[in-house]
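The next block holds one structure in the form of structure tokens; read it before the comments.
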Amino acid sequence: MSLNRRLVIAGAGSFGREVWQWANDMQSERREWDSIVFINDDLNVAQKIIDSGINCSIISTINDYIPEPNDVCVCAIGEPKGKLQVIDRLKNKNVVFTNVIHPTAVIGVGSKLGIGIILCPHSVVTVNVTIGDHVIVNIASSIGHDAHLEEGVTLSAHCDVTGYCRLNKGSFLGSGARMLPKSILGEFSVIGAGSVVLKKVAPNRKVFGNPAYYVD
């Protein structure tokens with residue numbers, strides 16, 4: 001393990017503060033980093049971080065951030081388009097990305113994970129799942145066998161993605177959403193909280209309900 005390794009969390013909002021906690025939980029199992037810091041475009045959230053009891057500073061805006069040699073980064077922004085825009089800005093700085101995988105997360109045999117992934121507490125990735133870069137799987141969400149998640153997908157808490165589902169780039173599931181087997185989400189589609197996807201959602205569309213129907 002490299003000395004003076006620093007985890008840089010891009011995004012110091014509500015989810016960023018949660019990721020800070022998950023990263024610290026990882027430290028209790030095995031020391032991954034020597035320090036954890038935030039970068040965030042709005043420096044005014046610094047007081048909120050202090051008030052929340054988090055012992056972590058915002059070192060710069062994302063634009064002004066200059067990576068240090070032992071920095072590794074993860075993007076803690078849930079909304080996929082905004083997340084991928086920030087990631088592109090960081091890539092232009094030659095940032096090295098890492099994964100934040102909570103000790104209680106489960107990863108099954110034959111599953112393949114990209115980089116920049118966040119697996120939150122009690123998330124489950126079963127067998128032969130493929131997860132692309134910069135995917136977020138929030139608290140107690142599960143991904144069934146042979147599912148495929150492309151870059152930038154976000155699963156909110158308590159989602160259920162069943163076997164053979166495909167989630168294309170930047171798709172988003174609200175809390176408690178479910179996908180029946182072999183369902184497909186188009187790029188940047190949005191599934192409302194508690195919705196149940198039966199078959200297919202077109203790209204850039206929003207659905208809600210059980211069964212899910214278009215609302216845009």
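The table below gives the values:
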quantity: Computed lengthening from Ile50 to Val215, 0.36 nm per intervening residue step minus Cα-Cα distance; calculated: 55.5 nm
quantity: Crossing angle, helix 80-91 versus the chain [Cα axis fit, 0-90 degrees, rounded to tens]; calculated: 40
quantity: Inter-label distance for Lys182 and Ile115, nm, one decimal - labels placed 7 Å from Cα along Cα-to-Cβ; calculated: 3.6
quantity: Binned Cα-Cα distance frequencies in region 106-216 - 5 Å width, integer %; calculated: 3, 15, 26, 31, 17, 7, 2, 0
quantity: Efficiency of FRET between Asn92 and Val127 - r from beta-carbon atoms, R0 35 angstrom, step 0.05; calculated: 0.45
quantity: For region 6-98: relative contact order, % (alpha-carbon pairs under 8 angstrom, 6 or more apart); calculated: 35
quantity: Using alpha-carbon coordinates, inclination of helix 14-29 to the longest axis of the chain, degrees; calculated: 70
quantity: 3J(HN,Hα) from dihedral phi, region 98-114, Karplus parametrisation 6.51/-1.76/1.60, rounded to Hz, x for glycine, proline; calculated: 9, 9, 10, 10, 4, x, 8, 5, 10, 10, x, 4, x, 7, 10, 10, x
quantity: Region 124-132 - phi-based ³J(HN,Hα) in whole Hz, Karplus 6.51/-1.76/1.60, Gly and Pro as x; calculated: 10, 10, 7, 8, 6, 8, 10, 10, x
quantity: Charge dipole of the chain about the Cα centre (unit charges at C-beta), most positive-ward option of Gln47, Ile62, Gly152; calculated: Gly152
quantity: Environment charge at Val215 (Cβ cut-off 11 Å; Lys +1, Arg +1, Asp -1, Glu -1); calculated: +1
quantity: Theoretical ellipticity at 222 nm over the chain - DSSP helices of four or more residues, -39500 (n - 2.57) apiece, nearest 500; calculated: -5000 deg cm²/dmol
quantity: By average C-beta atoms within 10 angstrom, highest first, the peptides 143-153, 77-87; calculated: 143-153, 77-87
quantity: Cα→Cβ-extended label distance, 7 Å offset, between Glu68 and Leu198, nm; calculated: 5.5
quantity: Of [x] 15.2; [y] 22.1; [z] 11.5, the label for mean projected area of the Cα convex hull in nm² derived from the coordinates; calculated: [z]
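Where a number appears in this text, it was derived from the coordinates with a stated rule and is not lab data. A quick note: this is a predicted structure, and the numbers were derived from the prediction, not measured. Note that each Cβ is placed from the backbone with ideal geometry, even for glycine, and that neighbours are counted across all protein chains shown.
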